[in-house]
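The next block holds one structure in the form of structure tokens; read it before the comments.
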Amino acid sequence: MRQYILKRLLQLIPVLLGVSIVVFLLIRLVPGDVVQMYVGTQVSPTAEQMEELKRLFGIDKPLYVQYLDWIWRVMHGDFGVSLRTARPVLNDILARLPVSAELAFLSLTFALLLGVPAGILSALRRNSVTDAISRIIGIIGLSIPDFWLATLIILFASRYLTVLRLASFVSITASLSENLKAMVLPTIAFGLGLAAVLMRYVRSSVLEVLGQDYIRTARAKGLAGRTVIFKHALRNALTPVITVVGIYAGYLLGGTVVIEEVFALPGMGRLALYAIYQRDYPLVQGIVLLVTLAFVLINLLVDILYVLVDPRIRYD
Amino acid sequence: MRKLLKNYLSVTGLIIIMIFFLAQALAPSIAPYDPTMMEPGNLLAPPTSHNPLGTDGYGRDIMSRLLYGGRVSFVVSILSTLVALLFGTATGLLAGFFGGWVDTVLMRIMDIILAFPALLLAICIMAVLGQSNLNIVLAIGVVYIPQFARLTRGSVLAVRDLEFVEAVRALGARSPRIIVRHIVPNILPSLLVQVSLTISLAVLYESALSFLGLGAQPPTPSWGNMLSESRRYMELAPWTAVAPGAAIMLVVLGFNLLGDGLRDVLDPRLRGRI
Amino acid sequence: MKTAKSLAGVLILVLILSVSWSGQVGAAPARGGNLTIGVDQEAVGLDPNLVTAFSSVARVGLMYNRLVRYDNDLDIIPDLAESWEIPDNLTYTFHLRKGVKFHDGAELTSEDVKFTLDRILDPKTGSPALSYLAPVKKVEAPSRYEVTIRLKEPMASLLSVLASDNLSVVPKHAVEKQGNLQRVVVGTGPFKLADYVPDNYMKLVRNPNYFKPGEPYLDSVTFKVIPEQMSLLAAVRSRNLDMAAISEGGIIVQARRDSGLSVEQVPSLNARTFGFNVTRAPFNDERVRQAVALALDREQIIAAAEFGFGQPTGPVPASAKKWALPVSAFPSYERNIARAKQLLAEAGLPNGFAFSILCAASYEGGLPVAQVIQSQLKQIGVTANLEVVEWGAYIDRWVKRDYQGIVELRGGGADPDRFLYRMLHSTGSVNNFLFKNAQVDELLEKGRSAVDYKTRKNVYDAAQKLIVEKAPVIFLYVGNENAAMQKYVKGFNVMPNGALYYLEETWLDK
């Protein structure tokens, strides 16, 4: 196990290097550079002014020098400063991470509370009316574009749920109760789709487990249905839940642009979006690198959790 | 096939898909108007016999736009799924069959794609290559490549060491032949399921791109950009949002039901339980 | 329409009479309270001499002062300068208010004013206001409260330029210490920066030492950034916001239907334009540009793109009433398909042609406008393809002049010199149509050097007509500046340039 973890950690290095090169080149291929965005459309600077500004923003050197310079500093924990705000990139990112992490935590919890019981119920009553209804609701939850659902929710709330905070985020450190009032709607808007995904996975994995020989044997031996289900089926149904939760936790830390835009949450997604729009190279690079790292580490964690939950899986 | 037909949910899904597919295919002959024609005196008109689904903020007929918009949504989502299927399956087959360093390199590349924030990738692709339906296909397709690669690789690994493959290999069959003749048929069912689910995700993804102004290019209608434009009028003219919203939901529902049905029917592990 | 207006007039009269009769008029503004205002864009930097984003400019305007400023009728009024003299058209002398304090307690003197102007004039600073000040020769500070600006050549719009928020006066000592003021605020304005969390909120608190006694009335102003227009409406409707600056016409209609809100709208100074690169075929031919102009129907564009909120404009924004010619003065504003086709035929394009329009999905990028133009041009056989690009790519192409047609939002000025010279003089710094016309140049130079209103008015009347005729850029309309607010918000005026100066006179009646 220890060796496996070590091996996986080593494999991180090429992935992170690859991502760093891709993001570095990609953002520079995008037409329009930071100096132009800085100057805007209402002014025309002279050639010397442009050169001066390029030097100021540190984008006057050859590409490979810029890259090596950047990656060298990153290895020493220095992600550079945002070209637009002149604040350290790492500070900007760390200020946003808690918001995205909170949304991730809340909507995953919401989805688990809703999706797992629904999935189990649906599987146990396979092909019943309950099954059909919960599956259709589940799929509908999956098929609504999230910005549309979010807009409908905020519009509805603006008439009938005015006790909540609409598009007026308050950080968790400022006031927990106000923070929760602001997070309820985004949690629902994002969690509904997630609950639908979970429900489907749980349903099919419970079905799979129920069909397996040992359960049938147990049932044949006369063990009461409930015991069997709780002892065996649920435990095994956990595996896909961990997978889904792991993948989404990774994505969510990177922020959900759509939800953040509609509910005006200051999360990672908007930070990344505006960083790209303003060609803030160090910020874009820093975000992508850190989000990638988080994503890969969470995936590793998921793989380790598998072993703990499902003794059949072994990594050698 | 008989089993699939017996599964009433997947039949429903198939029927929904067929209806929408036919509707967009026949758009030129059944659409009442040119989808880009603006009627200046008739902005945001509610549904009437003149405009069965009303008009949008430019005075364009929503019914016609919905029919033509279906073309973009169908073409983009099917093509991008094909892109993902093609590249993903090829990668998965190579990685799974050859193993070793081929496997390591290919799967690390997949990891890079998987870990890279998808929306940022889409924005960059659009900004670098320009905004066109082809590039939307690319931007969406790339995102789903790793899923297909992982799925295929897993299945190949499961099949590779089975006795019959060992047997044909012993008989001197060459790798490409083994892959095509013996491995692909075995993984086809799970790929089919994945395809139907990916198409439905791609329909949604196109609408998310439209929300950010990166979807199909106006004035060409797509369900995504129709829905995105309707945000401005959601209260004043709900019909502008209901039509494309319902269309997206129904088609996604259709593909999901079909995918579920396919899974129940094709996946041998799930066959005939309890 | 006319009856509606006169009816409204009567109503207002009745209202005033009844109110004054009950003795409520002129109720003293109450002090205190916080006002939360929702805006759709985050500020990008806070140094008044450096920022370019509309969103930054609006906030900077609350924390700093200019020598002079505009009121909501677009008249120049004193700000930091109490009075000024113009002995000849090359010399401007300003007398500063005494005892004005920066937020850090230091007194504002003529040295700070001189420092600010010199800072902008230094190309190394990279100030967007540099091109406004091109004719300035020298800035002098003869005494502690006196500043003299000397010009190389006459520039009638100097006062208008000085009213720009980009020319807000910054403290010499703070800039020398900090390098720039992008992140710290040391102004003289009614509000001080208290707390700033980007993409979340910015809190400004009352400046107790503000030079206008008693003002501001509010204890604090909190900005909230809410990118989605519908969410802005939801937040103001549910009273999470006291006020929201809304740009989308459809959302304004919805806000107006809400009996709990009051909505204020004024015509904007920003003009929507459709320009050409006049060095590229087929738009290097004046007749082709005129044909396109004749094929457009501005009212239809306004109806679809702005929900009807806007008015057609000539080269001077219609909201700058002192200078703008009524659009009836421009013959080409009457749509004429036959004449347009005839012009195309004369230009050798009887079967029309195809070209592309550059636009972007953001409000400034004018995608809805481009869609309507595209549809209207079909009627003269011209095929316009839309090139919708991401905002950064749009700016890139704008800078390189790499387009055939482009839809823009031009930040207008109340003085025609400030607006037109930069845009249409052959040496203008934002003449990205690459337009060169000796007659236009001559008129713009005349308008710049003349001083008295009558002469200038005649010159600009001629210039506006000539520009419309040459059509390097087609001026379409000016939209509205809008604010939706709670009924208890009093004393606020929406300004045509989007500035929020009136927050210093705003108070809460609850």
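The values are calculated or read from the model by the stated rules, or taken from the named source; none is laboratory data. These numbers come from a predicted model, not from an experiment. As a convention, Cβ positions derive from the backbone with ideal geometry for all residues, glycine included, and neighbour counts pool all protein chains shown.
Give me the residue from region A:47-99 that is within 12 Å of chain C (Cβ to nearest Cβ) and assigned to a loop (DSSP other than H, G, I, E, B) and, out of that set, farthest from C:K400 (Cα to Cα). Per the criteria, the residue is A:R87. Looking at C:E140, is it farther than 25 Å from C:P416 by Cα, away from every other protein chain (no Cβ under 14 Å) and in a strand (DSSP E or B)? In short, yes. Can C:R272 be described as of a type in the set (K, R), part of a strand (DSSP E or B) and surrounded by 19 or more Cβ atoms within 10 Å (Cβ to Cβ)? Criteria met by C:R272.
Please state which one of B:L9, B:L53, B:L44 is touching an Asp or Glu at 6+ places or on another chain (Cβ under 9 Å), outside any helix (DSSP H, G or I) and within 17 Å of B:V251 (Cβ to Cβ).
Answer to the check: B:L53.
A quick yes/no check of all residues on (1) of a type outside the set (S, T, Y); (2) closer than 30 Å to C:L233 by Cβ; (3) in a helix (DSSP H, G or I); (4) within 11 Å of chain B (Cβ to nearest Cβ):
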residue	(1), (2), (3), (4)
A:F105	yes, yes, yes, no
A:L112	yes, no, yes, no
A:G119	yes, no, yes, no
A:W148	yes, yes, yes, yes
A:I154	yes, yes, yes, yes
A:R165	yes, yes, no, no
A:S171	no, yes, no, no
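Among the residues of region C:300-319, those identified as surrounded by 18 or more Cβ atoms within 10 Å (Cβ to Cβ) and either assigned to a helix (DSSP H, G or I) or within 14 Å of chain B (Cβ to nearest Cβ) (or both) are C:Q300, C:I301, C:I302, C:A303, C:A304, C:A305, C:E306, C:F307, C:F309. Among the residues making up region B:118-156, those that are buried (at least 21 other Cβ atoms within 10 Å of the Cβ), under 27 Å from C:A361 (Cα atoms), in contact (Cβ under 8 Å) with a residue 12 or more places away in the chain and among the hydrophobic types (A, V, I, L, M, F, W, C) are B:L119, B:A122, B:I123, B:I125, B:M126, B:I136, B:V137, B:A139, B:I140, B:V143. Within region B:64-75, the presence of a residue that is at pLDDT 90 or above, part of a helix (DSSP H, G or I), within 30 Å of A:Y281 (Cβ to Cβ) and not small (G, A, S) is excluded.
Name every residue in region A:122-146 that is hydrophobic (A, V, I, L, M, F, W, C), under 17 Å from B:A208 (Cβ atoms) and either touching a Lys or Arg at 6+ places or on another chain (Cβ under 7 Å) or not in a helix (DSSP H, G or I) (or both), in order of residue number. Spell out the reasoning first.
Start the filter on region A:122-146 by keeping residues that are hydrophobic (A, V, I, L, M, F, W, C), which leaves A:123-124, A:129, A:132-133, A:136-137, A:139-140, A:142, A:144.
If we keep only those that are under 17 Å from B:A208 (Cβ atoms) too, we end up with A:142, A:144.
If the condition is that a residue be hydrophobic (A, V, I, L, M, F, W, C), under 17 Å from B:A208 (Cβ atoms) and either touching a Lys or Arg at 6+ places or on another chain (Cβ under 7 Å) or not in a helix (DSSP H, G or I) (or both), then A:I144 is the only one that fits.
Against the definition (assigned by TED's automatic domain parsing to the domain that holds C:P315 and among the small types (G, A, S)), how does C:G491 come out, yes or no? The answer is no for C:G491. For first residues located in region A:276-293 and within 13 Å of A:L26 (Cα to Cα) and more than 10 Å from chain B (Cβ to nearest Cβ), partners that are in a loop (DSSP other than H, G, I, E, B) and of a type in the set (S, T, Y) and lie 6+ apart or on another chain with Cβ distances below 6 Å form the pairs A:D280/A:S82.
If the condition is being over 18 Å from the mean Cα position of the chain (by Cα) and within 10 Å of another protein chain (Cβ to nearest Cβ), then region C:418-431 contributes only C:G428.
Considered as a group, the residues in region C:333-369 that are buried (at least 20 other Cβ atoms within 10 Å of the Cβ) and small (G, A, S) include one that is farthest from the other protein chains (Cβ to nearest Cβ), and that residue is C:A340.
Within region C:94-106, the residues that satisfy the criterion of being assigned to a loop (DSSP other than H, G, I, E, B) and either of a type outside the set (V, I, T) or without any contact (Cβ under 8 Å) to a residue 40 or more places away in the chain (or both) are C:R97, C:K98, C:G99, C:F102, C:H103, C:D104, C:G105, C:A106.
Would you be able to say whether some residue in region C:164-176 is modelled with pLDDT under 90, of a type outside the set (A, V, I, L, M) and touching a helix residue (DSSP H, G or I) at 6+ places or on another chain (Cβ under 7 Å)? The answer is no, given that none of the residues of region C:164-176 is modelled with pLDDT under 90, of a type outside the set (A, V, I, L, M) and touching a helix residue (DSSP H, G or I) at 6+ places or on another chain (Cβ under 7 Å). Quick check, is C:G479 surrounded by 22 or more Cβ atoms within 10 Å (Cβ to Cβ) and out of contact with any Gly (no Cβ under 6 Å at 6 or more places or on another chain)? Spelling it out, it is not the case that C:G479 is surrounded by 22 or more Cβ atoms within 10 Å (Cβ to Cβ) and out of contact with any Gly (no Cβ under 6 Å at 6 or more places or on another chain). Test C:Y460 against the stated conditions and say whether it is within 21 Å of the chain's Cα centre (by Cα) and assigned by TED's automatic domain parsing to the domain that holds C:P416. Judged against the criteria, C:Y460 is a match.
Among C:T109, C:T116, which is the only one that is touching a residue at least 12 places away in the same chain (Cβ under 8 Å) and surrounded by fewer than 23 Cβ atoms within 10 Å (Cβ to Cβ)? One residue alone meets the criteria, C:T109. Taken over region B:86-97, the criterion of being surrounded by fewer than 21 Cβ atoms within 10 Å (Cβ to Cβ) and in contact (Cβ under 8 Å) with a residue 12 or more places away in the chain is satisfied by B:F87, B:L94.
Evaluate region C:191-198: report whether one residue or more is in contact with a His (Cβ under 6 Å, 6 or more places away or on another chain) and under 21 Å from C:K224 (Cα atoms). Talk me through it step by step, then tell me what you get.
The initial filter retains those residues of region C:191-198 that are in contact with a His (Cβ under 6 Å, 6 or more places away or on another chain), namely C:192.
Narrowing further to those that are under 21 Å from C:K224 (Cα atoms): C:192.
Yes, the conditions are met somewhere in region C:191-198.
Identify the residue in region C:386-417 that is over 22 Å from A:Q36 (Cα atoms) and in contact with a Phe, Trp or Tyr (Cβ under 7 Å, 6 or more places away or on another chain) and, among all such residues, is nearest to the other protein chains (Cβ to nearest Cβ). The selected residue is C:G413. Among residues that are in contact with a strand residue (DSSP E or B) (Cβ under 9 Å, 6 or more places away or on another chain) and either within 29 Å of C:D415 (Cα to Cα) or in contact (Cβ under 8 Å) with a residue 12 or more places away in the chain (or both), C:A361 is included. Screening C:V372, C:V382 for residues that are over 21 Å from the mean Cα position of the chain (by Cα), crowded, with 23+ Cβ neighbours inside 10 Å, modelled with pLDDT of 95 or more and more than 14 Å from chain B (Cβ to nearest Cβ) leaves exactly one candidate, C:V382. Of all the criteria given as (1) within 26 Å of C:Q439 (Cα to Cα); (2) of a type outside the set (V, I, T); (3) touching a residue at least 40 places away in the same chain (Cβ under 8 Å), the one not satisfied by C:N482 is (1).
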